[in-house]
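First comes the structure, then the notes that go with it.
No value in this document is a laboratory result; all are computed from the given coordinates. In this text, all values refer to a predicted model and were calculated from it rather than measured experimentally. Positions of Cβ are generated from backbone atoms using ideal geometry, with glycine treated the same way; all protein chains shown enter the neighbour counts.
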Amino acid sequence: MPLRLFQAGFLSPPAIRLDGEAVFIRPPQARDWRDWADLREASREFLTPWEPTWPPDALSRPAFLRRVRRQAVEWREDEGYSFLVFERGTEALVGGIGLSNVRRGVAQMGTMGYWVGRPYARRGYTSEAARLVLGFAFGQLGLHRVEAACLPSNIPSQGVLEKAGFSREGYARGYLRIDGKWADHVLFGILRDDWRG
């Protein structure tokens, strides 16, 4: 049964916060735009090889607000659950993570994606955030399976998934359009029965 966090007509994500040892995650809010845009801009060269092509207005406030509204609808409709990742203590924004393509019925699954700003890479923050999202997915959402995919050349991303408990399951040719080109991906998955919390 899907998590019901919304009342009818509510158009912003719920006030939920999940805490780890080094990071906490919560849904994005309109007030996060400046920190989000600054971190993404400072990390542009670091991020763009691994992401879909950024539109010209990718970092603008209107584009961010549209993103937040869309993500709020996805929460309400039980289709996706987006979070920003913050460093505990400083409360600095370090990246983002979420579940998309949530499918119910006989599937009970979703797809995890994430990014981290260049200054915060290789600190274990994304692995910890992934574990928080998996706890949310298998606990509050009651999912059976979470999938993820990354480029074969993105060894750090594969390490994030393996540290979080994912298993390598396959290889998909031309899986996603990344940085303007259809790219092969390594596929990973984890089941609720595999999850150790």
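Might you report the magnitude of the Cβ-based charge dipole of the chain about its Cα centre, with Lys and Arg at +1 and Asp and Glu at -1, to the nearest 20 debye? Display every interim value, and only then the final one.
Values: 28 positive and 23 negative charges, 56 e Å.
With only Lys, Arg, Asp and Glu charged at Cβ, the dipole is about 260 debye.
Given Pro27, Val94, Leu161, which one lies farthest toward the positive end of the charge dipole of the chain, if we put +1 on the Cβ of every Lys and Arg and -1 on the Cβ of every Asp and Glu?
Pro27
Answer rounded, prolate or oblate for the stretch 100-197, using the Cα gyration tensor with square roots of eigenvalues a ≥ b ≥ c: rounded when a/c is under 1.5, else prolate when a/b is larger than b/c, else oblate. Could you put the intermediate results ahead of the total?
On the way: a/c = 1.84, a/b = 1.21, b/c = 1.53.
Oblate.
Which of rounded, prolate, oblate describes the stretch 27-75, given a ≥ b ≥ c as roots of the alpha-carbon gyration tensor eigenvalues and a/c under 1.5 marking rounded, otherwise prolate only if a/b is larger than b/c? Kindly include the intermediate steps, with their values, before the conclusion.
Working: a/c = 1.94, a/b = 1.55, b/c = 1.26.
The shape class here is prolate.
Compare the Cα positions of Pro49, Tyr120, Ala107 along the charge dipole of the stretch 5-164 (+1 at Cβ of Lys, Arg; -1 at Cβ of Asp, Glu; about the Cα centre) and return the one farthest towards the positive end.
Value: Ala107.
By per-residue mean of other Cβ atoms within 10 Å, what is the highest-first order of 77-89, 171-183? Don't skip to the end; give the middle numbers.
Values: 77-89: 18.9, 171-183: 12.8.
Taking the mean over residues of other Cβ atoms within 10 Å, the ranking is 77-89, 171-183.
In sequence order, what are the phi-derived ³J(HN,Hα) couplings for the stretch 175-185 according to the Karplus relation 6.51 cos²θ - 1.76 cosθ + 1.60 with θ = phi - 60°, rounded to whole Hz, with x for glycine and proline?
Whole-Hz 3J(HN,Hα) from phi for the stretch 175-185: 6, 9, 8, 10, 6, x, 9, 5, 10, 5, 9.
Going by the alpha-carbon gyration tensor, a ≥ b ≥ c the square roots of its eigenvalues, is the stretch 18-143 rounded (a/c under 1.5) or, if a/c is not under 1.5, prolate (a/b greater than b/c) versus oblate? Don't skip to the answer; put the middle values down first.
On the way: a/c = 1.69, a/b = 1.25, b/c = 1.35.
It comes out oblate by the Cα gyration axes.
For n ≥ 4 DSSP H runs only, could you compute -39500 (n - 2.57) per run for the chain, divide by its residues and tell me the 222 nm figure to the nearest 500? It would help to have the intermediate numbers written out before the result.
Numbers: 5 runs with 53 residues, N = 197.
Estimated from H runs of four or more residues: -8000 deg cm²/dmol.
Based on the mean of other Cβ atoms within 10 Å per residue, sort peptides 54-62, 149-157 so the most packed one is first.
Details: 54-62: 12.1, 149-157: 16.1.
Output ranking for 54-62, 149-157: 149-157, 54-62.
Determine the dipole magnitude for the stretch 37-110: charges of +1 sit on the beta-carbon of Lys and Arg, -1 on that of Asp and Glu, nothing else is charged, the reference point is the Cα centre, and the result goes in debye to the nearest 20.
Numbers: 11 positive and 11 negative charges, 55 e Å.
Dipole magnitude for the stretch 37-110 comes out near 260 debye.
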